[in-house]
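The structure under discussion appears below in the form of structure tokens.
The values are calculated or read from the model by the stated rules, or taken from the named source; none is laboratory data. All figures in this text were calculated on a predicted structure; none of them were measured in a lab. All accessible areas refer to the heavy atoms of the entire protein, side chains included, with ligands and DNA or RNA removed. Shrake-Rupley method; radii C 1.70, N 1.55, O 1.52, S 1.80 Å.
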Amino acid sequence: SPDEIKNIYTKYGKSSKRNSNSFVGQLGIGCKSGFAYGDNFVVTSFNNGIKTVYNCVINGSATEMARMPMTSKDEDGIEIMIPILSKDIKTVQDKALEFFKYWEVLPEIKGIDQSKVDAVIQPFRKEKPLLSDTDWEIRPSGYSYGNDNNKAVALMGNVPYEINWSVVSENLKLNGEKDTIMFDFLRRNKVVLKFSIGELEFAANREGLQYTPVTCKIINDKYNHYKS
């Protein structure tokens, strides 16, 4: 609704997801992330038969919105359009494919050759893990994805967060040679650890984990579960 759009998109830190741990979000920053790239983006709301186009413009420290309503037969929903420079299209596509390959249900990706989608996503999905369980998997280091050939990720709410093993190892209790060998095996291969939304703590920009005692303990518990 117009009030919801105004309250959420013009107030930093405002979110409609704080009352549930079943959603990705809650910080009230992601919906304004278009401003991290440029000074405006467009939000189109389809609500109760009314289509309203909002031009979101950042003006100093405030966000302004120009509103243009019209009747519509579309289903209720939200469309967000962020204009990008042509020189950045490939970068955006590459990052999107790396992000979406972890999703159980892929979104419909338009404007990109399907062969490129298949080249990034299908090998990852078809590659058989060396070891796996319901909430973790270990892939061979010979499979290359991303810039770091031995990247490990914590997957929470379909969002992959890179794991810094150097930080984690300081909080792990490695007992003897067997533990050391097993931990080295993790670091030498590709690891995906799966968590429920809210289990780990992440940085406000959502680009990485916050290695708080809570996060380190959860990863430590996951490691001990794998070890057993």
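Only protein atoms count toward the accessible area here, which uses a 1.4 Å probe; on the stretch 38-122, the carbon and sulfur part of that area reaches 56 percent. Phi angles of the stretch 168-182 translate, via the Karplus equation with coefficients 6.51, -1.76, 1.60 and θ = phi - 60°, into HN-Hα couplings of 4, 4, 5, 10, 7, 9, 8, 10, x, 5, 4, 4, 5, 5, 5 Hz per residue; Gly and Pro are given as x. Pairs from the table (LYS110/LYS222; LYS128/LYS194; LYS126/LYS151; LYS32/LYS95) lying more than 28 angstrom apart at Cα are LYS110/LYS222. Accessible area per residue for the stretch 51-140, computed on protein heavy atoms with a 1.4 Å probe, is 71 Å².
Close amide H pairs (under 5 Å, H built 1.01 Å from N) link TRP136 with LYS194, residues at least 5 positions away or on another chain. Solvent-accessible surface of protein heavy atoms, probed at 1.4 angstrom with all chains present, puts GLU207, GLU137 in the order GLU207, GLU137, largest first.
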